[in-house]
Amino acid sequence: QVQLVESGGGLVQAGGSLRLSCAASGRAFSSYAMAWFRQAPGKEREFVATINFSGGSTYYADSVKGRFTISRDNAKNTVYLQMNSLKPEDTAVYYCAAKYSFRQWVFNEYDYWGQGTQVTVSS
């Protein structure tokens, strides 16, 4: 069982930056693929970025490529999402997710989810 707790959301102006954190409890964090998803009001949840168990492989949605960076610190059981050059369309609740996997990339079928953290970008 893995429990995930996100933090770092908030209100920021367009062009600004935020760093989200997701702290995981439980053992074997380094055996889990991690990802960030987001859901804007009235829209379906969408994939943002994923990082493999070791941190050696990442993948991004086209909408955030070049602006967002996913990383992890397995010693701290934490995954991060650095968000730069934020746009109003990035406004959403951001969720952290985990899946026991050694695949290069995992895009869906995540088993564990955090409660989400709100990111609001004003124009």
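Just a few scattered comments:
- Residue-normalised accessible area of region 1-82, expressed per residue, 1.4 Å probe, Å²: 51 Å²
- Restriction of the GluC sites (Glu not before Pro) in region 5-110 to DSSP coil positions whose beta-carbon has at most 10 other beta-carbons within 10 angstrom yields 44, 109.
- DSSP beta bridge pairing in the chain, given as percent antiparallel to the nearest 5: 90 percent
- Checking every one of the trypsin sites (Lys or Arg not before Pro) in region 25-93 against DSSP loop status and a limit of 13 other Cβ atoms within 10 Å picks out 27, 43, 65, 76.
- About the centre of its Cα atoms, the chain shows a dipole size close to 220 debye [charges on the beta carbon of Lys, Arg (+1) and Asp, Glu (-1) only; nearest 20 debye].
- Taking the protein heavy atoms of the chain in the context of the full set of protein chains, the accessible area attributed to carbon and sulfur is 46 percent at 1.4 Å.
- All lysines inside 21 Å of residue 65 as judged from Cα atoms, apart from same-chain residues fewer than 8 positions distant: 43, 87
The values are calculated or read from the model by the stated rules, or taken from the named source; none is laboratory data. This structure is a prediction, so every number in the text was calculated from the model and none was measured. Note that we place each Cβ from the backbone using ideal geometry, even for glycine, and neighbour counts take in every protein chain shown. With ligands, DNA and RNA removed, areas are computed over all heavy atoms of the protein, side chains included. Shrake-Rupley method; radii C 1.70, N 1.55, O 1.52, S 1.80 Å.
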